[in-house]
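**Student:** Structure provided below as structure tokens; questions to follow.
The values are calculated or read from the model by the stated rules, or taken from the named source; none is laboratory data. Keep in mind that what you see is a predicted model, and the values were worked out from it rather than measured. Glycine gets a Cβ as well: all are built from the backbone with ideal geometry, and neighbour counts include every protein chain shown.
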Amino acid sequence: MAFWRRFVRSRSALLGLAVLTIVVVAAATAPIAFSGSPFRRVDQPFLPPFGSYLFGTDVLGRDVAAGIAHGARTSLMIGLLATVGAMVVGTVMGGVAGYYGGLVDDVLMRVTEFFQTIPTFLFAILLVAILAPSIKSIVIAIAVVSWPAVARLVRGEFMAMRSREFVQACICLGMSDRRVIFRHILPNCLSPIIVTGSLIVATAILIESALSFLGLGDPNTMSWGFMIGAGRTFLRTAWWLCTIPGIAILLTVLAINLLGEGLNDTLNPRLRNR
Amino acid sequence: MILTRILRCCLVVALAGLALMPDTASGQKRGGTLVMLVQPEPPTLASYLSTSGPIGQVTTKVYEGLLEYDFNLKPIPGLAQSWTVSGDGKTISFKLHKGIKFSDGKPFTSADVKFSVLEVLKKFHPRGAITFRDVVDIETPDEHTAVFKLANPAPYLMMALSGYESPMLPKHLFEGTDIKNNKQANSPVGTGPYKFVEWQRGQFMRFDRNPDYWKKGRPYLDRFVARFVADSATRTAAIEKGEAHVGGFGAIPYSDVKALARLPQIEATTRGYEMQSPIVQLDFNTTRPPFDNQKVRQAVSYAISRKFVIDNVWFGFGKPATGPINSNFAVAGLYTPSVKSYNVPNGVEVANKLLDEAGLRRGPNGIRAEIVHDITPYGEEWQRYGEYVQQVLAEIGIKATLRHEDVPTWLRRIYTDYDFQLTNNWIQTLADPVIGVHRLYHTNSIRPGVVFVNGSRWASPRTDQLMDMATVEPDPAKRGVLYKELQQLVVEAAPLVWVHELQFVTVYNKQFKDLIVSPLGLYAPFDRVHLDK
């Protein structure tokens, strides 16, 4: 409850939460509100928005609003799955390296650095191109390019915790490594991990949109990046095809960032009275 | 009174103006630079080794052919000023223009013709092996006469002698060298109206006027530049602002063409592609279920709305196709519209009925079959087209999953591994059915590893026989009869869906005149292009 009270003190975090809730609701109700495939032709192509269709129709007469709702599902799903993947791998790698140090640390960090030297987005493009575009390969690609940042962060936290007295005490008491790591260190560095995770969700949504924009998305799944990519040739004649999904991406990513910021303020003890 | 005086004044000025006109052969204005947008950048300038589209757009300004063509697809003089075909169709003799020189000063003679055809084109050109397969020898009784000796009559040969399809090369620069790795490849020397100057990779190629061009007074322009701009919106803007003057073959996105054409200084035309004649298709794998069944293939063909695809995916630049031969061949008497028509208003209904007859019943979820639909990786239109087909197939109970791969993977899947069920595609049917059409339907075109041939793997003894007969039939009327039967049989069997005849658009600046003067369009030598003012 104290957490919630601290959280609502930040207006921007609340705003982020509100926007994100709307996106989640849209995603959750998409199959009911817009039943059938979002690729289905519903009417004449290029009907302007706010007429018989809320956001108009696109080049093949598809309902843009249906695309936005179904695209929200894709974006959130990919964002969450990729983030969970990146968090698990990153936490394990970073945790092991930070806790044991020495040779283990050296080896794991060199591996992490190897991944960090490749430009993130180019690496993602490469992976998707090799694995053939599908939801699965996009999730894998985003997770693969996102985990090193988590690993570095977790390693730093673990190293700092490792030398703290209560951890030293635990070790002296003869606790197993597993118990020290999971019962005592991990809970104490959870807050920066959560904050980083929320930002990775936002980045993942952007990477997915960029991949789809370049035509590397799953051709059978509606997504916001795909809608922008398909609509960009008509920017002069049908502005809504790019603008509406663009605004959707902007608002969602902004909301997640605000939320992440709010979580940071709430969870970080040093910022509690800010 | 005053009016008369002003008029008289004007008349005098006008006459003086006429007298001052430059004294060229046909009174056209000399000078100017034409900038053409070529997309994508050609990988090489060896047009005798590769038929990749953009190569021809630049090399035809340097290399010429024995013949050119008029809009009735009839040969007209090129490097050859006249020709005679013997009664049995097995001897064709060309009389070459006198005084033609390559741009390095060496004369062009019948020896160059013999060398180009027998030593280069027949051996290395991707289509040359077919085009010149019956040419057993070329006799050169004198410097200006080349006599083609054929094993069989080859009426299609006369359609394949343009500078685009069969460039005439300088023997003295190629003889005794490794043709595939000749260093002349990217600094071509030809007889054409322009001389190659430089190629800045990723930016432009420059060609300057050839002052010794054999057509006196031509070309009228000082310079021809090919520019390479990767981004389509930038290309549109370059044409709009007058930085570039002409672009074709899809260099300008279809969605921008209409807006550009409304500008007073811009003209858009679909002429000049009559010797390409591309057809947009859906290719079935006729050896795998469900498309091994003719009725299922016909059902898909019925379900596709040609009008929707043309209007919404290609923005009106197309014409419903009726079968394997493009209606551009009507002027040559080789096309017939009297075939089974799949372009009917109640297509989806007919399709559902046919599928029921074929025994492909709907399951409890309304699905008759599940397939994968491959998308040809040549750009956005193809993806939209794939999405449309996916929706139409859903309406007739076929659940299609789209698959999008890169060009080499797709080519291997369709033409080597045959690991597909349905793909969208397009094929240029070129200047004669023997060169452009037979390759898609003949048994001997089922050649794993060779791209853009019979990947559907449908063939029948009768259609093979018809094509073999048409190949050697010199009488155009009799060829027409053979092709009529071929079209009827192939359309009935439906190894492909012929959706529409794709119309390329050339967008150009009106200050240039006589740009598109033949069915070769942008593949013409551009010796007649001139500035208006």
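**Student:** When you go through B:TYR483, B:TYR508 one by one, which is the residue that is touching a Ser or Thr at 6+ places or on another chain (Cβ under 9 Å), assigned to a strand (DSSP E or B) and buried (at least 18 other Cβ atoms within 10 Å of the Cβ)?
**Tutor:** Working: B:TYR483 fails: assigned to a strand (DSSP E or B).
So the residue among B:TYR483, B:TYR508 that is touching a Ser or Thr at 6+ places or on another chain (Cβ under 9 Å), assigned to a strand (DSSP E or B) and buried (at least 18 other Cβ atoms within 10 Å of the Cβ) is B:TYR508.
**Student:** Give the range A:223-256 a look and list any residue that's facing chain B (nearest Cβ under 10 Å) and within 20 Å of the chain's Cα centre (by Cα), or say none. Quick ask: steps written out before the conclusion?
**Tutor:** Of all residues in the range A:223-256, those facing chain B (nearest Cβ under 10 Å) come to A:226, A:229-230, A:232-238.
Across the range A:223-256, the qualifying residue is only A:PHE226.
**Student:** Got a sec? Which strands (runs of 3 or more DSSP E) wholly within the range B:84-164 have at least 2 residues that are free of Cβ contacts under 8 Å to residues at least 60 places away in the same chain, closer than 30 Å to B:ARG209 by Cα and among the hydrophobic types (A, V, I, L, M, F, W, C)?
**Tutor:** Details: elements: B:91-96, B:135-142, B:145-150.
In the range B:84-164, the matching strands (runs of 3 or more DSSP E) lie at B:91-96.
Condition check ((1) outside the structural domain of B:VAL344 (by TED's automatic domain parsing); (2) in a loop (DSSP other than H, G, I, E, B); (3) under 26 Å from B:VAL348 (Cβ atoms)) across all residues:
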{"position": "B:GLY217", "(1), (2), (3)": "yes, yes, no"}
{"position": "B:PHE224", "(1), (2), (3)": "yes, no, no"}
{"position": "B:ALA230", "(1), (2), (3)": "yes, yes, no"}
{"position": "B:ALA244", "(1), (2), (3)": "yes, yes, no"}
{"position": "B:SER255", "(1), (2), (3)": "yes, no, no"}
{"position": "B:GLU267", "(1), (2), (3)": "yes, no, no"}
{"position": "B:ARG297", "(1), (2), (3)": "no, no, yes"}
{"position": "B:VAL300", "(1), (2), (3)": "no, no, yes"}
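**Student:** Quick one: in the range A:128-159, which of the residues that are assigned to a helix (DSSP H, G or I) and within 14 Å of another protein chain (Cβ to nearest Cβ) is surrounded by the fewest Cβ atoms within 10 Å (Cβ to Cβ)?
**Tutor:** Pass one, the range A:128-159, residues assigned to a helix (DSSP H, G or I): A:128-131, A:135-159.
In the following step, the residues that additionally are within 14 Å of another protein chain (Cβ to nearest Cβ) were identified as A:128-131, A:135-138.
Working: A:VAL128: 23, A:ALA129: 17, A:ILE130: 9, A:LEU131: 13, A:ILE135: 17, A:LYS136: 12, A:SER137: 18, A:ILE138: 28.
Selected residue: A:ILE130.
**Student:** Would you confirm whether any residue within the range B:194-205 is of a type in the set (S, T, N, Q), in contact with a strand residue (DSSP E or B) (Cβ under 6 Å, 6 or more places away or on another chain) and in a loop (DSSP other than H, G, I, E, B)? Lay out the reasoning, then the answer.
**Tutor:** So in the range B:194-205, the residues of a type in the set (S, T, N, Q) come out as B:200, B:203.
Pick out the ones that are also in contact with a strand residue (DSSP E or B) (Cβ under 6 Å, 6 or more places away or on another chain) and you get none.
No, every residue in the range B:194-205 fails to be of a type in the set (S, T, N, Q), in contact with a strand residue (DSSP E or B) (Cβ under 6 Å, 6 or more places away or on another chain) and in a loop (DSSP other than H, G, I, E, B).
**Student:** Residue by residue through the range B:224-258, note down the ones that are away from chain A (no Cβ under 14 Å), basic (Lys, Arg) and either more than 18 Å from B:GLY53 (Cβ to Cβ) or over 23 Å from the mean Cα position of the chain (by Cα) (or both).
**Tutor:** B:LYS241
**Student:** Using the structure shown, decide if A:LEU60 is closer than 26 Å to A:PRO219 by Cα, of a type in the set (A, V, I, L, M, F, W, C) and free of Cβ contacts under 8 Å to residues at least 12 places away in the same chain.
**Tutor:** Working: closer than 26 Å to A:PRO219 by Cα: yes; of a type in the set (A, V, I, L, M, F, W, C): yes; free of Cβ contacts under 8 Å to residues at least 12 places away in the same chain: no.
So A:LEU60 fails the test.
**Student:** Here is a follow-up. Taking the range A:34-91 as the search range and keeping residues that are in a helix (DSSP H, G or I) and of a type in the set (Ser, Thr, Tyr), which one is farthest from the other protein chains (Cβ to nearest Cβ)? Explain how you work it out, then say what you get.
**Tutor:** Of the range A:34-91, the ones in a helix (DSSP H, G or I) are A:64-91.
Next, only the ones that are of a type in the set (Ser, Thr, Tyr) stay: A:74-75, A:83, A:91.
On the way: A:THR74: 15, A:SER75: 19, A:THR83: 26, A:THR91: 34 Å.
Taking the candidates together, the pick is A:THR91.
**Student:** Given the criterion free of Cβ contacts under 8 Å to residues at least 60 places away in the same chain and within 13 Å of chain A (Cβ to nearest Cβ), identify the matching residue among B:LEU402, B:LEU411.
**Tutor:** Selected residue: B:LEU402, the only one of B:LEU402, B:LEU411 that is free of Cβ contacts under 8 Å to residues at least 60 places away in the same chain and within 13 Å of chain A (Cβ to nearest Cβ).
**Student:** Kindly establish whether A:ALA26 is away from chain B (no Cβ under 14 Å), touching a residue at least 40 places away in the same chain (Cβ under 8 Å), buried (at least 19 other Cβ atoms within 10 Å of the Cβ) and touching a His at 6+ places or on another chain (Cβ under 6 Å). Spell out the reasoning first.
**Tutor:** On the way: away from chain B (no Cβ under 14 Å): yes; touching a residue at least 40 places away in the same chain (Cβ under 8 Å): yes; buried (at least 19 other Cβ atoms within 10 Å of the Cβ): yes; touching a His at 6+ places or on another chain (Cβ under 6 Å): no.
No.
**Student:** Show the residue pairs meeting these rules: Cβ distance below 6 Å; 6+ apart or different chains; first residue within the range A:119-137 and under 17 Å from A:ALA86 (Cβ atoms); second residue part of a loop (DSSP other than H, G, I, E, B) and charged (D, E, K, R).
**Tutor:** A:ILE135/A:ASP218
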